[in-house]
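Note sheet for the following structure.
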Ligand code: KG4
Ligand code: ZN
């Protein structure tokens, strides 16, 4: 079975083709970063309109790369939620429409299930069961995964997502959108011993997260350490890098502590990291070390599939379509959608 996947939940248009025997045949991505950069964040209406412009050309591009005709697609998967509703409606309408025109089944994919299954696209895929940390711009969740669609939420953020905290703190540091990768680069040159940020909620039992306090802590540190005269002086760049490093260490430490707690609580040896924040190099190093000490192993998508992409949607959709699941002709896009409500495969 050969499935076309379409991702349009936020600010990237991603399209890919996944095939039962050939695996991932082609994938293409258009990022809207330049479009939104001037506004310091995603402008939903601009995002929707750009998806309209890009999605069909990208479909043609992946068909061309895979050397396939439109009639050689057996099913269409599109992100149906969670995400920006206008953006979701574009991919859902196009995906559902193409499937109808081609006379093949269609399925609306849960964006976070896409992230969660993305490590299964790698040659060394994790076996079930595993614990997954989904850390993106909108989510920070720990999930016990017994199989596809068999998810138990172990912990969630009570306020900002990890990626959101990266983005907001990056903005305070004067870095361009999207802030996460820029902050991580700035932190490379930072002194880890200069400032110490709190590790939120690690001294309490449980697996929930809270990151909004870190952003406030960063703001207070900035105001204290960088009054206007210092901010204009030669030491400002180093201070910013040191604050970035202290922030990153606090987020990474907090995520590592909660991941260790989760794998111990579930008695599993496999931990999967996915979502944009899982591209963070310091986080990966620390998670690898922690899992080695626990006698287990950590699994990640390749860096380009940590952030939003069409491959993970084609793959997740293929898993469900080949099990016979499909959607009626009417489609539903959902801005909010609990992962645990998905049916098992
Ligand atoms: O999964 P994703 O592409 O989109 C959502 O579904 O949200 O995640 C994007 C998030 C952004 O907040 C971005 O700043 C963060 O992932 N991110 C990173 C890194 N790369 C992306 N955060 C920290 N370090 C990185 N290297
Ligand atoms: Zn995402």
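The values are calculated or read from the model by the stated rules, or taken from the named source; none is laboratory data. Just so it is clear, the model here is predicted, and its values are computed rather than measured. Positions of Cβ are backbone-derived with ideal geometry, glycine not excepted, and every protein chain shown enters the neighbour counts.
Those residues that are away from ligand 2 (no atom under 15 Å from the Cβ) and surrounded by 19 or more Cβ atoms within 10 Å (Cβ to Cβ), I need them from region 122-133; list them, please.
If the condition is that a residue be away from ligand 2 (no atom under 15 Å from the Cβ) and surrounded by 19 or more Cβ atoms within 10 Å (Cβ to Cβ), then 126, 130, 131 are the ones that fit.
Do we have residue 55 as touching a helix residue (DSSP H, G or I) at 6+ places or on another chain (Cβ under 8 Å) and surrounded by 22 or more Cβ atoms within 10 Å (Cβ to Cβ) here?
So residue 55 fits the description; yes.
Conditions: (1) over 22 Å from residue 279 (Cβ atoms); (2) buried (at least 23 other Cβ atoms within 10 Å of the Cβ). Residue 225 meets all but one. Number of the miss?
It is condition (2) that residue 225 fails.
Specify the residue that is farthest from ligand 1 (Cβ to nearest atom); the eligible residues are those in region 257-308 that are within 22 Å of residue 110 (Cβ to Cβ) and in a strand (DSSP E or B).
Checked region 257-308; the qualifying residue farthest from ligand 1 (Cβ to nearest atom) is 270.
Filtering region 134-160 down to residues that are within 12 Å of ligand 1 (Cβ to nearest atom) and part of a strand (DSSP E or B), which residue is surrounded by the fewest Cβ atoms within 10 Å (Cβ to Cβ)?
141
Look through 103, 40 and report the one residue that is without any contact (Cβ under 8 Å) to a residue 40 or more places away in the chain and surrounded by fewer than 24 Cβ atoms within 10 Å (Cβ to Cβ).
Within the list 103, 40, the selection yields 103.
Which of the following residues is touching a helix residue (DSSP H, G or I) at 6+ places or on another chain (Cβ under 8 Å) and surrounded by fewer than 18 Cβ atoms within 10 Å (Cβ to Cβ): 231, 236, 250?
Result of the check over 231, 236, 250: 236.
State all residues of region 161-183 that are surrounded by fewer than 23 Cβ atoms within 10 Å (Cβ to Cβ) and part of a helix (DSSP H, G or I); if no residue qualifies, say none.
Those that are surrounded by fewer than 23 Cβ atoms within 10 Å (Cβ to Cβ) and part of a helix (DSSP H, G or I): 164, 168, 171, 172, 181, 182.
Just for region 309-319: of the residues that are assigned to a helix (DSSP H, G or I) and within 19 Å of residue 8 (Cα to Cα), which one is nearest to ligand 2 (Cβ to nearest atom)?
312
Give the number of residues within region 99-119 that are within 16 Å of ligand 2 (Cβ to nearest atom) and either at pLDDT below 95 or in a helix (DSSP H, G or I) (or both).
9
Residues to consider are 96, 71; find the one that is under 12 Å from residue 4 (Cα atoms), part of a helix (DSSP H, G or I) and at pLDDT below 95.
71
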